[in-house]
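Undergrad: Structure in structure tokens, see below.
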Amino acid sequence: MKKLILSLLALAVIATTSTATVQAQTAAKTPHRIGVIDMAHVFQNYKKFEALRTDLQAEIVKSDAEAKKMVERLQQMQTEMKKYDAGGPQYETAEKNILDQKGKFDSFRASTQRQLARRESEMFKVIYTDVTAAVTAYAKHAEFDHILRFNRKGIDDTTNPQDAVQTMNKTFIYTTPENDITDVVLNYLNQQYEKSPGYKPVPAKAVSNSGGTPIRK
């Protein structure tokens, strides 16, 4: 009886070991599936990003207009000050007013730049969160193990030297089309955004950056 029990235990150990070995060999033979995505292309063509960037651009234009008015006011005050005798009471009063106005202008400009920079950072955070969530969802659905950034752009006669060097230094020289999930993710993001309550159609020609805080792409 004791020998029978030992034999059964030995068989159980052998069976378990064999199963684990088969599973390990199967896992070793199963390659990791790697997908790629052109994040720059997604950002540039995501309608929500364009809408947020257009709103930010409108704020930049508004702040620039306000700053221009303040500068014109300073210039007018400086012109008026020239009418007074240097060192006289009217001159000193005008000079003090100019310094006060310049202080207000500097404070406005610094405050505006901080606010615009903060809004820009928040915009990129929102868009990046949207994109990574969509990438994660699709990767799980399509059974990708990894999703890596890549650049779709190739080199042609119109490519400038700097872009050509960046393209030659990209990680992926070639990837099969089915591994490129850029369009799938982008289409999904735009469809979801168009269904959302905050959807804002963007004009075909986006507003260009005329100054103020730079808008990164």
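One line per residue, one yes/no per condition, for (1) at pLDDT below 90; (2) part of a helix (DSSP H, G or I); (3) more than 26 Å from LYS200 (Cα to Cα); (4) of a type in the set (Gly, Ala, Ser):
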{"site": "LYS69", "(1), (2), (3), (4)": "no, yes, yes, no"}
{"site": "THR79", "(1), (2), (3), (4)": "no, yes, yes, no"}
{"site": "THR93", "(1), (2), (3), (4)": "no, yes, yes, no"}
{"site": "GLY103", "(1), (2), (3), (4)": "no, yes, yes, yes"}
{"site": "ARG114", "(1), (2), (3), (4)": "no, yes, no, no"}
{"site": "THR129", "(1), (2), (3), (4)": "no, yes, no, no"}
{"site": "THR136", "(1), (2), (3), (4)": "no, yes, no, no"}
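Undergrad: For GLN75, state whether it is surrounded by 12 or more Cβ atoms within 10 Å (Cβ to Cβ) and over 39 Å from the mean Cα position of the chain (by Cα).
TA: Spelling it out, it is not the case that GLN75 is surrounded by 12 or more Cβ atoms within 10 Å (Cβ to Cβ) and over 39 Å from the mean Cα position of the chain (by Cα).
Undergrad: So, one more: Do we have ALA58 as at pLDDT below 90 and surrounded by fewer than 16 Cβ atoms within 10 Å (Cβ to Cβ) here?
TA: No.
Undergrad: Residues in the range 114-125: is at least one within 15 Å of GLY35 (Cα to Cα), touching a residue at least 12 places away in the same chain (Cβ under 8 Å) and small (Gly, Ala, Ser)?
TA: no
Undergrad: Quick one: count up the residues across the range 90-141 that are surrounded by 16 or more Cβ atoms within 10 Å (Cβ to Cβ), in contact with a Ser or Thr (Cβ under 7 Å, 6 or more places away or on another chain) and either on the phi > 0 side of the Ramachandran plot or among the hydrophobic types (A, V, I, L, M, F, W, C) (or both).
TA: Looking only at that region, the number is 1.
Undergrad: Go through the range 39-67 and report how many residues are in a loop (DSSP other than H, G, I, E, B) and touching a Phe, Trp or Tyr at 6+ places or on another chain (Cβ under 6 Å).
TA: 0
The values are calculated or read from the model by the stated rules, or taken from the named source; none is laboratory data. Quick caveat, the model's predicted, so the values are computed rather than measured. Cβ: placed from backbone, ideal geometry, glycine included. Neighbour counts: every protein chain shown.
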